[in-house]
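Remarks on the structure that follows.
The values are calculated or read from the model by the stated rules, or taken from the named source; none is laboratory data. Quick caveat: nothing in here was measured; it's all calculated off a predicted structure. Because the Cβ atoms are built from the backbone with ideal geometry, glycine has one as well, and the counts that use them run over all protein chains shown.
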Amino acid sequence: MEYLGKDKFIWFYGVVEDINDPLKVGRCRVRIIASHTPDIAVLPTDALPWASPIMSFTSASIGGVGISPTGILVGSWVVGFLVDSTHQQQPILLGTIPGIPVPPDANTVGFKDVSGKYPAIEETETHSSLIGESDVNRLGRGDLTENTIVKKKIDSVISNELFSEPVTKYNTRYPYNKVVSTESGHHQELDDTPGAERIHTYHRSGSFEEYHPNGDRVTKIIGDDYEIIKGNKNMHIDGNINIVVSGDCNIKVNGVWDSTANGKYITSSNESMVLHAPKIHLN
């Protein structure tokens, strides 16, 4: 093999039509503009060459170390170059190209997601951009948020007799919010919007952790929560602590339980109170 570019260095634009790489190394089949016919009857997707991605220099891409090369989707527009020049069987992908999608052509035409999932025709929780609007997630654009997780979080805020869940401080202005979103509806935000700086991790179930501009942290678990600590745990609280348990509270201590109050120690029950011990000392 001659060195790259000796004969001709060829760039290309194309559209991903298959991401199910049998080797599981992040390759995808790409229909290349001006090289491949759009007619999928003449050139079906499974006849397209596999294109390999170029990863960031911060990803080792060896021995299972680094970033998984699995973020691309069928329908993504890509740019790259051909290692084998005019043979056009060894494409290399440099990156994806966001844009504003238009209505797709007939299913017999390539250069699109042939399944019809992307771009989205109708709004769903996992499709936060549609035909005719930017491919950039709405969370990153700061508009049309009434159909995003922002609205879902606001509508599900809870209150009890001791405190209320703080409402999200989302107030993004483009281009300050760096958003990572997945096809199932997970999101991560690093928001540098002046005066509305946040860090937010959101699971599609509705569980989330959000850091507000003033440093407050709000964590919400939709389901059960387990915390396993093999060593010690230390907690320092300068203010007050409020705990509301709607069900029962069970605590098992295998060592000494030492509880001290410098002020009043108040324990009350609306029913009976039971103490079990070999000896009880009241001083």
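Is at least one residue of region 201-223 of a type in the set (Gly, Ala, Ser) and assigned to a strand (DSSP E or B)?
No, region 201-223 has no match at all.
Check VAL244, VAL256, VAL157, VAL167 and return the single one that is part of a loop (DSSP other than H, G, I, E, B) and touching a residue at least 60 places away in the same chain (Cβ under 8 Å).
Every option except VAL244 fails the conditions.
As an exercise: evaluate SER207 against (1) within 27 Å of ILE154 (Cβ to Cβ); (2) of a type in the set (Ser, Thr, Tyr); (3) modelled with pLDDT under 95 and give the number of the one condition it does not meet.
(3)
Just for region 182-200: of the residues that are outside any loop (DSSP other than H, G, I, E, B) and in contact with an Asp or Glu (Cβ under 8 Å, 6 or more places away or on another chain), which one is surrounded by the fewest Cβ atoms within 10 Å (Cβ to Cβ)?
ILE199
For every residue, the table says whether it meets (1) assigned to a loop (DSSP other than H, G, I, E, B); (2) at pLDDT below 95; (3) under 30 Å from GLY64 (Cβ atoms).
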| residue | (1), (2), (3) |
| --- | --- |
| GLU2 | yes, yes, no |
| LYS6 | yes, yes, no |
| PHE12 | no, yes, no |
| ASP21 | yes, no, yes |
| GLY26 | yes, no, yes |
| ALA41 | yes, yes, no |
| ALA51 | no, no, yes |
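Condition check ((1) assigned by TED's automatic domain parsing to the domain that holds TYR170; (2) closer than 21 Å to ASN171 by Cα) across all residues:
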site	(1), (2)
ARG198	yes, yes
SER205	yes, no
TYR211	yes, yes
TYR226	yes, no
ASN234	yes, no
SER246	no, no
THR267	no, no
SER272	no, no
ALA277	no, no
